[in-house]
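Single-structure report; data block below.
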Ligand code: NAD
């Protein structure tokens, strides 16, 4: 597969981290209801929810921030890190995930379009600081000391990060690969169409067909920990 391509954009979603034990939107890593299903999205993942009940929102994200620090990358993250290290053409891993498992596996060319659990955003000075602890007790911002920190996560209704950079990479892409995402959340769900418009080949790796599955030239179904290493082997194994 590798010979014909030079510029790759990879979109990852919650499915790539599922086998590391992090809940996706729809189901818990252990097969039970996910943390997300125990709350309505409008109660925890919107600016209005934060304005209405900041303690509830802080508790929800504090729990998730603590949880991801106990998880480790799986073979799918490891394989993408290998591809990143060995691919001499352009490559961008655009992740909707707010965990840091791509980085912990060693990937460098990663963009977190929906923010990061391990950062806090100060609503007073606008600076994003590294953050590992809780926010519920309203600790001061390390930069301006205001007690105005919020999770640095892009909520529904907010603008994702680094879209200019992402669209620039999509315009140059000759291969677009989507991994472990349901294709339900825009603008990420529209990337496959943007890639098709510039003539890129498109490949979907997912447990089940996503909502936009029909837009992909090829779909491979199965767990990311098997599909992703096999695909990376095709790209750089020879
Ligand atoms: P989603 O939960 O809507 O969909 C996950 C997709 O992954 C599904 O299509 C599912 O079939 C597939 N999947 C599940 N297990 C898989 C496996 N082992 N291998 C391959 N595929 C598997 O997730 P999404 O599309 O990323 O949804 C979007 C939103 O959820 C994003 O905004 C994201 O910020 C947020 N989110 C992030 C995390 C995280 O950071 N790890 C976790 C949950 C939700």
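The values are calculated or read from the model by the stated rules, or taken from the named source; none is laboratory data. What you see is a predicted model; the values in this text were computed from it and never measured. Neighbour counts are summed over all protein chains in view; Cβ atoms, including those assigned to glycine, are modelled from backbone coordinates with ideal geometry.
Residue-wise test of (1) closer than 30 Å to residue 41 by Cα; (2) more than 13 Å from the chain's Cα centre (by Cα); (3) within 10 Å of the ligand (Cβ to nearest atom).
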{"site": "66", "(1), (2), (3)": "yes, yes, no"}
{"site": "76", "(1), (2), (3)": "yes, yes, yes"}
{"site": "85", "(1), (2), (3)": "no, yes, no"}
{"site": "94", "(1), (2), (3)": "yes, no, no"}
{"site": "97", "(1), (2), (3)": "yes, no, yes"}
{"site": "110", "(1), (2), (3)": "yes, no, no"}
(Q) Can you pull out every residue in the range 207-230 that is within 12 Å of the ligand (Cβ to nearest atom), in contact with a strand residue (DSSP E or B) (Cβ under 7 Å, 6 or more places away or on another chain) and in contact (Cβ under 8 Å) with a residue 24 or more places away in the chain? (A) 207, 210, 213, 224, 227, 228
Q | Counted residues, the range 97-147 - those being out of contact with any strand residue (DSSP E or B) (no Cβ under 7 Å at 6 or more places or on another chain) and within 17 Å of residue 74 (Cα to Cα) | A | 5
Q. Residues of the range 103-132 being touching a residue at least 40 places away in the same chain (Cβ under 8 Å), part of a strand (DSSP E or B) and on the phi < 0 side of the Ramachandran plot, which ones?
A. 111, 112, 117, 118
(Q) Going residue by residue through the range 18-28, is there one that turns out to be surrounded by 13 or more Cβ atoms within 10 Å (Cβ to Cβ), modelled with pLDDT under 80, within 30 Å of residue 171 (Cβ to Cβ) and within 18 Å of the chain's Cα centre (by Cα)? (A) yes
Q: Give the residue, chosen from 57, 41, that is within 20 Å of residue 115 (Cβ to Cβ) and at pLDDT below 85.
A: 41
Q | the range 186-206 - residue that is buried (at least 17 other Cβ atoms within 10 Å of the Cβ) and within 12 Å of the ligand (Cβ to nearest atom) and, of those, nearest to residue 114 (Cα to Cα) | A | 188
Q: Would you mind finding the one in 160, 142 that is more than 11 Å from the ligand (Cβ to nearest atom), surrounded by 13 or more Cβ atoms within 10 Å (Cβ to Cβ) and at negative phi?
A: 142
Q. Among all residue pairs at least 6 apart or on different chains, which show Cβ distances below 7 Å where the first residue, located in the range 1-30, is within 16 Å of residue 64 (Cβ to Cβ) and the second is modelled with pLDDT of 75 or more and away from the ligand (no atom under 12 Å from the Cβ)?
A. 20/72
